[in-house]
Number of protein chains: 2
Amino acid sequence: MRTLYHLWLDPFSRKVRVTMAEKGLEVLLTIESVWEKREKFLELNPAAEVPVLVEEDNTVLSDSDAICEYLEAKYPEPRLIPVDLYEKAEVRRLTGWFDKKFYKEVGELLLIEKILKQLKGVGEPDSRIIRVAQKNMHFHLKYICYLTDRRHWLAGSSLTLADITAAAHISILDFMGDIQWRKYEGAANWYARVKSRPSFKDILLEKVPGIAPSDNYKNLDF
Amino acid sequence: MRTLYHLWLDPFSRKVRVTMAEKGLEVLLTIESVWEKREKFLELNPAAEVPVLVEEDNTVLSDSDAICEYLEAKYPEPRLIPVDLYEKAEVRRLTGWFDKKFYKEVGELLLIEKILKQLKGVGEPDSRIIRVAQKNMHFHLKYICYLTDRRHWLAGSSLTLADITAAAHISILDFMGDIQWRKYEGAANWYARVKSRPSFKDILLEKVPGIAPSDNYKNLDF
């Protein structure tokens, strides 16, 4: 059986999980406490990071982009990365936007302050950093509104890896209850469409030990 | 003429420049002071980041991975991303390693402390952060030694985007004189091979206003 090493509330693991679910690929999920630097896990990925996918033929893959591009080439239906070169570049630009820019300016800051500090018992959340992240978040949500004003999905007329990636990152913030959705109607409508897909169901039902999601997190009509 | 908006000492711009040079593609280089948030530039890339490539047919591309993958598909010779699915995933894993992990743990910290603070006149370098980055750097250089003990190039038997990406990041540290090469023989031999390629020449000759490179930076036999 194909195995995915992952972590709760990790947007990169979620991106791979939703990609696999869209493609109808079954997978055994295993939580990996990466901070323990378990020797057998370091053999799979010396970066000591999830997600790591071990395919049925024992091919070992890490880095969420490398994994998703591999899955797209090996299991092309349904297509999540278009064939046309420019459209492909647009999907990768937006995927990179959320994985790098959004995560750095918003997601990682909130995860560290609001979740990791609590889990590891290392001090109180820094409200100054939380305010910076929330201010940055406004710009990104406005950009989703800008895109969805012009396109049905983020990168064009069909659902792609760009939507999956963005929604994976957004889902962590939504879990923490950080988004005032009524201010971002276009983004809210888009996220409701992604969230309602069967591929997103497991993410919404996920239990994180010791931390309850926001009231709206599982609500499909928010 | 094809135009690349870039910045000095930006590893992501360098990755695209070397990729284009390997493929023999001519390009007009234009420095973009991204912090000015020039309106015409934001129309090209609302992320306000370099590199941005404008192709001869006016196709606008941003995000270094999206650009390099586009160039690879459009100008496949010489190949910098293998055709085999697993080899492709290995190149992308290592490209992601340097663009994300290395940049976050080493390159960006040193760039901010040693270059950006000086350029912007905002305080002295923080020696504590510099020490953390240099400690992290050790792990990454040992990993390059580990890989080059087993392979001729980082991802296998031929030069790929993984080598170009890693060398682009390493070149910034080498410019600042941060690497004690004699401690990392395998990495030094590998970097000497990349550095000697004609595609790397422009990077080594680049003048950064107000900042001189380390003694060894242009030296091909260091």
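A few points about this structure:
- Taken over the range B:64-76, the criterion of being more than 7 Å from chain A (Cβ to nearest Cβ) and either under 15 Å from the mean Cα position of the chain (by Cα) or not in a helix (DSSP H, G or I) (or both) is satisfied by B:Ser64, B:Ile67, B:Cys68, B:Tyr75, B:Pro76.
- Here the range B:98-110 is the region considered, the condition is being touching a residue at least 40 places away in the same chain (Cβ under 8 Å) and within 17 Å of B:Ile164 (Cβ to Cβ), and the residue that is farthest from the other protein chains (Cβ to nearest Cβ) is B:Gly107.
- Exclusive hit being within 7 Å of chain A (Cβ to nearest Cβ) and not in a helix (DSSP H, G or I), set B:Leu61, B:Leu80: B:Leu61
- Residues in the range B:43-58 that are of a type in the set (A, V, I, L, M, F, W, C) and within 11 Å of chain A (Cβ to nearest Cβ): B:Ala47, B:Ala48, B:Val52, B:Leu53.
- On the stretch given as the range B:93-113, residues that are buried (at least 22 other Cβ atoms within 10 Å of the Cβ) and among the acidic types (Asp, Glu) total 1.
- Output for the range B:142-180, where each listed residue is without any contact (Cβ under 8 Å) to a residue 40 or more places away in the chain and either under 17 Å from B:Asp202 (Cβ atoms) or in contact with a strand residue (DSSP E or B) (Cβ under 7 Å, 6 or more places away or on another chain) (or both): B:Asp163, B:Ile170
- Looking only at the range B:146-164, and only at residues there that are surrounded by fewer than 17 Cβ atoms within 10 Å (Cβ to Cβ) and assigned to a helix (DSSP H, G or I), the one that is nearest to the other protein chains (Cβ to nearest Cβ): B:Tyr146
- Candidates are the residues of the range A:165-216 that are in a loop (DSSP other than H, G, I, E, B) and aliphatic (A, V, I, L, M); the one that is farthest from A:Leu147 (Cα to Cα) is A:Ala212.
- Qualifying residue in the range A:196-205 (condition: surrounded by fewer than 19 Cβ atoms within 10 Å (Cβ to Cβ), of a type in the set (A, V, I, L, M), farther than 28 Å from A:Ala89 by Cβ and in contact (Cβ under 8 Å) with a residue 60 or more places away in the chain): no
- Test: B:Val122 is modelled with pLDDT under 95, surrounded by fewer than 16 Cβ atoms within 10 Å (Cβ to Cβ) and not small (Gly, Ala, Ser): yes
- Candidate set: the range B:20-42, residues that are within 14 Å of chain A (Cβ to nearest Cβ) and outside any loop (DSSP other than H, G, I, E, B); chosen: the one surrounded by the most Cβ atoms within 10 Å (Cβ to Cβ): B:Val34
- Hits in the range A:178-222 (condition: more than 15 Å from the chain's Cα centre (by Cα) and among the basic types (Lys, Arg)): A:Arg182, A:Lys183, A:Arg193, A:Lys207, A:Lys218
The values are calculated or read from the model by the stated rules, or taken from the named source; none is laboratory data. Small disclaimer: the values here were computed from a predicted structure and weren't measured. Counting neighbours? That spans all protein chains shown, and the Cβs are built from the backbone with ideal geometry, glycine included.
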